[in-house]
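Structure, as structure tokens:
Derivation of every value follows stated rules applied to the coordinates shown; laboratory data play no part. All values reported here derive from a predicted model rather than from experimental measurement. Heads up, the Cβs are rebuilt from the backbone with ideal geometry, glycines too, and the neighbour counts pull from every protein chain shown.
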Amino acid sequence: MKTCVSPAFPAIAQAAGVLRTVISLPSPFGGATVRVARGELAGVPAYLIEAGELFARAGNPYVDENGRDWPDNHLRFALLGWAAARFDDLVNLPASRISATLGSPTASTAPAAR
């Protein structure tokens, strides 16, 4: 069974129901502690990455409520990649079982058409 890994954006965290902390660790970029929490999204096990204000904010994953890019997008998605790359070490979950998402947990993981 695949497992979803996603930033804990407010709507995703709410949809995942009760979250159980799996591990907390210092951020590689300083600032907020990174918490990996486990929940479930549409019957799929989900690990959500919480990192203070990096993910818990209004707007959508890429832009604020006024349509402007978040100025720290590079840090936000680097943190997601860092956490996903370390998942086997963090929660004993092999990378082959992970389906990372940058937005909707139901978003296609297929490459975009050119």
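In the set Ala84, Ala56, Ala46, Ala78, only one residue is surrounded by 12 or more Cβ atoms within 10 Å (Cβ to Cβ), assigned to a loop (DSSP other than H, G, I, E, B), aliphatic (A, V, I, L, M) and out of contact with any Leu (no Cβ under 7 Å at 6 or more places or on another chain); that residue is Ala56. For residues that are assigned to a loop (DSSP other than H, G, I, E, B) and out of contact with any helix residue (DSSP H, G or I) (no Cβ under 8 Å at 6 or more places or on another chain), scanning just the range 21-38, find the one that is surrounded by the most Cβ atoms within 10 Å (Cβ to Cβ). Here the residue is Ala32. Residue check: Pro26 meets all listed conditions (1) without any contact (Cβ under 8 Å) to a residue 60 or more places away in the chain; (2) under 10 Å from the mean Cα position of the chain (by Cα) but one, namely (2). The sole residue among Ala42, Ala32 that is without any contact (Cβ under 8 Å) to a residue 24 or more places away in the chain and among the aliphatic types (A, V, I, L, M) is Ala32.
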